[in-house]
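Peer 1: One structure is given below, represented as structure tokens, and several questions about it will come after.
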Amino acid sequence: NLLKVRGAVRQEEDGEWHATPVGRGASMYYFSPFDVSDLKRNFQDLFDNNHQDDDYWMSMAIGNTDSQRMNIISRAEKEEMSLYSTKIKNLLGTKYYNESAVKAGFCYYQLLNGNNSSVLAATQRNLQFDYNRLSQVLIALDSMGSKWGRIKWFKGVEQRIANGVPMYLVDLCQISNIGKVRGKKLYDYGVKTAEDFANLTPEDAKRLLGNIKMDMVKEMLAEASAVAMSSNGSL
């Protein structure tokens, strides 16, 4: 009955029970169906209210799940995330606010922006390590039922979690040896995409990248061409 209430299963007129996209996504990726149900609700609200570019909203859309609402919070953790917690309380009000889920939301916010936590460093690393699986759940929800049309966007969020960069640097940071600092430097010079980088001469690329060997620069340029072709649907 609880799975039915949370939208993970449904009973047909003939009495047979069937898994919904929420239930199928949960079983495919060994995820709690209650977490998947929460993710579906959270991201539906996010997209309906056009908050997909707000990292506060997005971090809580990822973090406010049934499992994360069971977190235990120490006094030191509460102090570290106090500013974030206040911001979330003001944004969400009491409807979705849960202090335990805010702990996860804070860690995701840190990951999205490349910030290092002191007290919550271990929690942050664990969430980062497992995010690929969570991302696959979100993509499955999109493709199997919700039809948000956000698969490319979800892959961008996955890159942000992995590299700690804003969305506008995601394309560049798909290239090996380009992280937040080098990506920002290239972007400021007008090299804004993997395709832009692939179109540079090896000499210009080396000049922009700084202290890096020419052989590696050439490998990066070849990789950038592959990334650009993939992004344009050519692969």
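The values are calculated or read from the model by the stated rules, or taken from the named source; none is laboratory data. Computed from a predicted model, the values in this text were never measured in an experiment. When we count neighbours, we look across all protein chains shown, and the Cβ atoms used for this are built from the backbone with ideal geometry, even at glycine. Accessible surface areas use protein heavy atoms only, side chains included; no ligands, DNA or RNA. Shrake-Rupley method; radii C 1.70, N 1.55, O 1.52, S 1.80 Å.
Peer 1: So which pairs qualify, if the first residue must be in the stretch 25-36 and touching a residue at least 12 places away in the same chain (Cβ under 8 Å), the second must be part of a loop (DSSP other than H, G, I, E, B) and of a type in the set (S, T, N, Q), the Cβ gap must be under 9 Å, and the two must be at least 6 apart or on different chains?
Peer 2: These pairs meet every condition: ALA26/SER32; SER32/THR65; SER32/SER67; PHE34/THR65; PHE34/SER67; ASP35/THR65; ASP35/SER67; VAL36/THR65.
Peer 1: Now a separate question. Considering only the stretch 81-114, how many residues are open to solvent by 60 Å² or more (accessible area, probe 1.4 Å) and more than 19 Å from PHE43 (Cβ to Cβ)?
Peer 2: The qualifying residues number 7.
Peer 1: Continuing with this model, one more query. Taking the condition of being of a type in the set (Val, Ile, Thr) and under 14 Å from ILE178 (Cα atoms), how many residues in the stretch 198-221 meet it?
Peer 2: 2
Peer 1: Could you pull out the residue among ALA226, ALA162 that is in a helix (DSSP H, G or I) and within 23 Å of PHE106 (Cβ to Cβ)?
Peer 2: None of the others qualify; the one that does is ALA162.
Here is a yes/no grid of residues against (1) closer than 25 Å to GLY7 by Cβ; (2) in contact with a Ser or Thr (Cβ under 7 Å, 6 or more places away or on another chain):
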{"position": "HIS18", "(1), (2)": "yes, no"}
{"position": "GLY23", "(1), (2)": "yes, no"}
{"position": "ASP38", "(1), (2)": "yes, yes"}
{"position": "LEU46", "(1), (2)": "yes, no"}
{"position": "GLN68", "(1), (2)": "yes, yes"}
{"position": "SER82", "(1), (2)": "no, no"}
{"position": "CYS107", "(1), (2)": "no, yes"}
{"position": "GLY114", "(1), (2)": "no, no"}
{"position": "ALA122", "(1), (2)": "no, no"}
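Peer 1: Hey, another quick one. Across the stretch 174-186, what is the total count of residues that are in a helix (DSSP H, G or I) and either under 19 Å from the mean Cα position of the chain (by Cα) or surrounded by fewer than 18 Cβ atoms within 10 Å (Cβ to Cβ) (or both)?
Peer 2: Selection size over the stretch 174-186: 6.
Peer 1: Return yes or no: is ALA226 over 19 Å from ASN113 (Cβ atoms), modelled with pLDDT of 90 or more, in contact with a helix residue (DSSP H, G or I) (Cβ under 9 Å, 6 or more places away or on another chain) and buried (at least 17 other Cβ atoms within 10 Å of the Cβ)?
Peer 2: When the stated conditions are applied, ALA226 does not pass them.
Peer 1: Going by the structure shown, is GLY164 surrounded by 13 or more Cβ atoms within 10 Å (Cβ to Cβ), on the phi > 0 side of the Ramachandran plot and touching a helix residue (DSSP H, G or I) at 6+ places or on another chain (Cβ under 8 Å)?
Peer 2: yes
Peer 1: Would you pick out the residues in the stretch 136-152 that are surrounded by 15 or more Cβ atoms within 10 Å (Cβ to Cβ), in contact (Cβ under 8 Å) with a residue 24 or more places away in the chain and either assigned to a helix (DSSP H, G or I) or not hydrophobic (A, V, I, L, M, F, W, C) (or both)?
Peer 2: GLN136, VAL137, LEU138, ALA140, LEU141, GLY145, SER146, ARG150
Peer 1: Would you mind stating whether GLY114 is under 18 Å from the mean Cα position of the chain (by Cα) and more than 27 Å from ARG24 (Cβ to Cβ)?
Peer 2: Here the answer is yes, as GLY114 does meet what is asked.
Conditions (1) within 30 Å of GLN110 (Cα to Cα); (2) out of contact with any Leu (no Cβ under 7 Å at 6 or more places or on another chain); (3) part of a helix (DSSP H, G or I); (4) open to solvent by less than 80 Å² (accessible area, probe 1.4 Å), marked per residue:
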| position | (1), (2), (3), (4) |
| --- | --- |
| LYS4 | no, yes, yes, no |
| ARG10 | no, yes, no, no |
| ASP14 | no, yes, no, no |
| GLY25 | yes, no, yes, yes |
| PHE34 | yes, yes, yes, yes |
| ASN50 | yes, yes, no, no |
| TYR56 | yes, no, yes, yes |
| ALA61 | yes, no, yes, yes |
| ASP66 | yes, yes, no, yes |
